[in-house]
């Protein structure tokens, strides 16, 4: 029996959360086209034949601008320091860029203190002409002495099974640490907050998605019904207006979409009440970040 932890790392927006969800077969990590969607470490447990693997989704490795971003990068680095193996994700639709080089530098700093296998996972291969894939793969292969290189598409489930098969031999021997029915360490309260934030990311542009946090004020289960009251925090009054929308239509759309996702994941009816509040410069506020779980 094998058991180990795999840190899923890389620059922002390379498909880390999409890969975790595909590996698990269900959605526990929110996904959007916006960079820096993932802000905390998210664990997903895969129960494979002869192995149990704890996958750790991490915030993208990037140059931080706010205290929030510095905490995100620190979370990714600390997650790497406790892992048995790394998946370094890189986007097959382009050649290595500054963001990839920043991610590799962070990875090398950790490996200097704690060596471990690193599998290069080249993502989004469904978007690349197969004839163009080889030279792109070659350019990424020169960045580091990777333990293995596996091209995948998590979106269309291409080569993900092979990635798992390649991973298992590099894991330490040992019994699984989690019960067979455990899929994640995320609480329903945390998942609810993240689902709301995902819909905000999908519904807004420019600075608004990055200035938003979600706090669940009340989560009460009554049989097959969950009553949830949550606050969406923004930094400015103008952002509050954008989020609410004309006659409250945008906030209503965010709430409806989030509620439907929650009902599907939780397997129960959900009554969701949303409020938008202004908390100036919360991304630079140490106390606010702690309260929000960052």
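Every number in this text was worked out from the coordinates using simple rules, so none of it is lab data. Computed from a prediction, not measured in an experiment: that's the story for all the values here. Neighbour counts run over all protein chains shown; Cβ positions are idealised from the backbone, glycine included.
In terms of its C-alpha gyration tensor, segment 77-164 has a prolate overall shape, because the principal axis ratio a/c (a ≥ b ≥ c, square roots of the eigenvalues) is not below 1.5 and a/b outweighs b/c. A Förster radius of 22 Å, combined with the Cβ-Cβ distance separating residue 65 from residue 111, puts the computed FRET efficiency at roughly 0.25. DSSP finds beta bridges in the chain, and of those with both partners inside it, around 40 percent are antiparallel. For helix 130-141, report the angle its Cα long axis makes with the longest principal axis of the Cα atoms of the chain; keep it between 0 and 90° and round to the nearest 10°. Between helix and principal axis, roughly 80 degrees. Relative to the longest principal axis of the C-alpha atoms of the chain, give the angle of the C-alpha long axis of helix 188-203, reported between 0 and 90° and rounded to the nearest 10°. The helix 188-203 is inclined about 90 degrees to the chain. The residue 218 and residue 280 beta-carbon pair, evaluated with R₀ = 22 Å, returns a calculated FRET efficiency of approximately 0.35. Measure nothing but the geometry: give the 0 to 90° angle between the long axis through the Cα atoms of 98-113 and the longest principal axis through the Cα atoms of the chain, rounded to 10°. For 98-113 against the chain, the angle is about 70 degrees. Roughly how many whole Å is it from the C-alpha centroid of segment 33-56 to that of segment 92-123? A separation of 17 Å, based on Cα centres. Residues 2, 130 in ascending order of nearby Cβ atoms (within 10 Å, fewest first): 130, 2. Under the rule a/c < 1.5 gives rounded, and otherwise a/b versus b/c splits prolate from oblate, where does segment 2-170 land using the Cα gyration tensor? Rounded, because the longest to shortest axis ratio a/c is under 1.5. Calculated [222 nm] ellipticity per residue, helices only, for the chain: -11500 deg cm²/dmol; basis is -39500 (n - 2.57) per DSSP H run with n ≥ 4, divided by all residues, nearest 500.
Going from the residue with the fewest nearby Cβ atoms within 10 Å to the one with the most, 124, 277 rank 277, 124.
Largest GNM mean-square fluctuation among 48, 154, 211, using the chain with Cα springs under 10 Å: 48. Label positions at residue 178 and residue 47, each projected 7 Å from the Cα along the C-beta direction, are separated by 1.1 nm.
Note on segment 2-170: antiparallel DSSP beta bridges, both residues inside, total approximately 30 percent of the bridges counted. Between the alpha-carbon centers of segment 163-240 and segment 5-24, tell me the distance in whole angstrom. Spelled out, the Cα-based centre of one part sits 15 Å from the other. By the count of other C-beta atoms within 10 Å, a proxy for reagent exposure, 189, 197 are ordered fewest to most as 189, 197.
Here r is the Cβ-Cβ distance between residue 157 and residue 236 and R0 is 35 Å; the resulting FRET efficiency, rounded to 0.05, is 0.30. In segment 188-291, the DSSP beta bridges split such that about 45 percent are antiparallel, to the nearest 5.
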